[in-house]
Amino acid sequence: MQDDPLALYHRSALPDAFRIILADYPRDGWAAHPHFGGLAAFWLDRHLNFRAMMTRMQDDSALRLDGQIAAQEYGQRLARLGQRFLGELVGHHQIEDTAYFPHLAQLEPRIARGFEVLDADHHTLHELIDTFAAGANALLRESNDTAQRELVAGFGGVLGRFERMLGQHLTDEEDLVLPVVLKHRVD
Ligand SMILES: [Fe+2]
Ligand SMILES: [Fe+2]
C-alpha cells in the first residue's frame with residue numbers, strides 16, 4: 001500500500017475523481033446547508049474532538065520538556081488522554097468501515113473507490129496506534145525524571161507523525177463524506 005500514490009503516506013489531497021460531488025457542495029457552504037445537522041454536524045464534531053485531543057497531548061509534551069509539569073503529572077495526563085484517544089479512534093473507524101462507508105458508497109458508486117482508500121487509511125493509522133501505544137507504555141513505566149524526559153522527546157516524533165497523517169485522513173474523509181451526507185440527507 002505504501003507504493004500506492006493514494007496511500008496516506010503520499011497523499012496531500014483527494015484526487016479530482018473523488019471531488020466531483022464536493023464540487024457542488026463546497027466546504028464553505030456546509031454549515032449553512034439545510035441538510036446540515038444530525039450526522040453531518042456529528043461527524044465534523046468527532047473529528048474536531050480527535051484534533052483537539054492530539055493538540056492537548058502535544059501541549060502536555062511541550063510542558064513536560066520545558067520542565068513545567070513533573071513526570072508523575074505528565075504520566076497521569078498521558079494515560080488518561082491517550083487511552084481515551086485510542087479507544088474513541090478505534091471505535092470511530094469501526095463504525096465508519098462497517099456501517100457508513102458501505103452505505104455512502106452505495107449512494108454514490110462513482111466515488112466508491114474513495115471509501116476504499118479511507119478504509120485503507122484506517123489500517124495505516126492502526127499501525128501508528130501500535131507505535132503510539134508502545135511509546136506511551138514505555139513512558140509510563142519510567143519514573144526517573146531525566147530518563148522520562150528523554151522518552152518524551154522521542155514520543156514527540158510519534159505524536160507529530162500521527163497528527164500529520166490523521167489530519168490528512170480527517171480532511172480527506174470530510175471532503176468525501178460530507179457532500180454525500182448533505183446531498184442525500186443521510187441521518
Ligand atoms: Fe476515518
Ligand atoms: Fe472519521
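Any read-out appearing in this document is the output of simple, stated calculations on the displayed coordinates, not a laboratory observation. Predicted, not measured: the structure shown is a model, and the values here were computed from it. Here the Cβ is made from the backbone with ideal geometry for all residues, glycine too, and neighbour counts use every protein chain on show.
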Extension gain from THR98 to THR171, taking 0.36 nm per residue of separation minus the Cα-Cα distance:
24.3 nm
The stretch 36-184, Kirkwood Rh and Cα Rg, ratio Rg/Rh at 1.06
With Cα springs under 10 Å, the Gaussian network model of the chain assigns the largest mean-square fluctuation among HIS33, HIS92, HIS126 to HIS33
For the chain, longest principal axis from Cα atoms; helix 112-141 axis from its Cα atoms; angle between them, nearest 10 degrees, is 10
Cα long-axis angle, helix 71-95 against the chain (0 to 90 degrees, to the nearest 10):
20
Expected output is a single nm value to one decimal: the length gained when fully extending between ARG185 and ALA138, i.e. 0.36 nm times separation in residues minus the C-alpha distance. What is it?
12.3 nm
Quick check on the chain: helices-only [θ] at 222 nm, where DSSP H runs of length 4 and up contribute -39,500 (n - 2.57) each and the sum goes over total residues. Nearest 500, please.
-24500 deg cm²/dmol
Work out how much length ALA41 to GLN72 would gain on full extension: take 0.36 nm times their residue separation and subtract the Cα-Cα distance, in nm to one decimal.
7.4 nm
Mean separation of Cα contacts under 8 Å (6+ apart) over length of the chain, as relative contact order %:
43
Charges at C-beta only: +1 for Lys and Arg, -1 for Asp and Glu. How large is the resulting dipole of the chain about its Cα centre, in Debye rounded to 20?
320
Mean separation of Cα contacts under 8 Å (at least 6 apart) over the residue count of the stretch 114-187, i.e. the relative contact order in percent, is 38
Angle, helix 145-184 long axis vs. longest principal axis of the chain, Cα atoms, 0 to 90°, nearest 10?
10
If one builds a Gaussian network model of the chain from Cα atoms under 10 Å apart, the most fluctuating residue listed among THR55, THR171, THR146 is THR146
